1. Which peptide among 189-195, 135-141 comes first, and what is the full order, when sorted by highest mean count of other Cβ atoms within 10 Å?
2. Going by how many other beta carbons lie within 10 Å of each one, how would you line up Ile126, Ile118, fewest first?
3. I need Thr10, Thr203, Thr232 ordered by Cβ neighbour count within 10 Å, fewest first.
4. Going by how many other Cβ atoms sit within 10 Å of their own, how do Leu95, Leu81 line up, fewest first?
5. Quick one: length gained pulling Leu16 to Ser45 fully straight, 0.36 nm per residue minus the C-alpha distance?
6. Beta carbons within 10 angstrom, averaged per residue: use that to sort the peptides 233-239, 46-52, 180-186, highest first.
7. How large is the dipole of the chain about the Cα centre if only Lys and Arg carry +1 and Asp and Glu carry -1, each at its Cβ, rounded to the nearest 20 debye?
8. Taking the Cβ of Leu227 as the centre, find all other residues whose Cβ is under 15 Å away and add up their charges (Lys, Arg: +1; Asp, Glu: -1).
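A short reminder: the numbers here are calculations on the coordinates, not readings from a lab. What you see is a predicted model, and the numbers here were worked out from it, not measured in a lab. Cβ coordinates were reconstructed from backbone atoms using ideal geometry, including for glycine residues, and neighbour counts include every protein chain displayed.
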Amino acid sequence: MKNKLKIHKTPAETVLYCIVFAVFCVFAFSYVYMLFWCVYSGMRSADEVAANPFGFSAIRLGNYIDVFREMNANGASFMTLLGNSLYFSLLGAGLNILVTSMFAYVVAKYKFFGSRFIYMLVIVVITLPIFGSGSAMYRLLYKLKFLNSRLMILTSLGGFSMNFLYMHAFYSSMSWSYAEAAEIDGANDWQIYFRVMFPQSVTMAGSLFVLLWMTEWNSYGSALIYLPKMPTLAVGIYQFRTQMMYDSKMNILYAACAISLLPPLILFVSCNNALMSNVSLGGIKE
């Protein structure tokens, strides 16, 4: 029987680990506490929330039903807002990650004139903020007739983002022997990518997809400007907040925020094991 290797920590290391553990516990508790209080406040009456925001009182589950009846934005009901959010966030994030992955793969694995320039151009676009481009973007989308249209989803087909660097580094470290083996079997470039290379990057691409989807789900700026007639749930809550503050119905606002938290929580819980798993590239060594 092999003896297990025991790692003995010094007293200083033990104290440091305890401090770090305590800090993480405090952070975790703060997040759970805010989530709990948002859900709980959505079940209280408006008067009780106004009189004692951090107190305890009787709960009213009917507040969550009132959200579906009272919440609207520019004439769109709650379910319409939810459908718009799911469409633009899920499909937009999926298209963006797919195009970015393909773009990064070509730049990383195919050596051609200008490949290095493209890589440097992406870095420049990421690091240098472009001010005053809002009016030009609005005019471009107006000319393309993307405003207030589901075709706005096509603006997600871009690869000049930080995700490009992540995918480029991933594909650069991947062995080309996989592609050579597939090429011997008669696979073309598209088959090599979709059947051999991309499946190995699913964990990386999936993690980036979830992060991008959560960003798009909570973003209301672009939808507020470019999709005023097709508002998303984030836009609805943004406008609903002002209405509920004037009507003194903060409990309904808390209930709406709690409902908007459900899709991200469900997605994260269902994909938690896959996202946290290690990426295995096999046993091929260069």
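1. 189-195, 135-141
2. By the 10 Å Cβ count, ascending, the order reads Ile126, Ile118.
3. Thr10, Thr203, Thr232
4. Values: Leu95 16, Leu81 26.
Ordered from fewest to most neighbouring Cβ atoms within 10 Å, Leu95, Leu81 come out as Leu95, Leu81.
5. Answer, rounded to one decimal: 5.9 nm.
6. 233-239, 46-52, 180-186
7. 220
8. For residues surrounding Leu227, the net value is +2.
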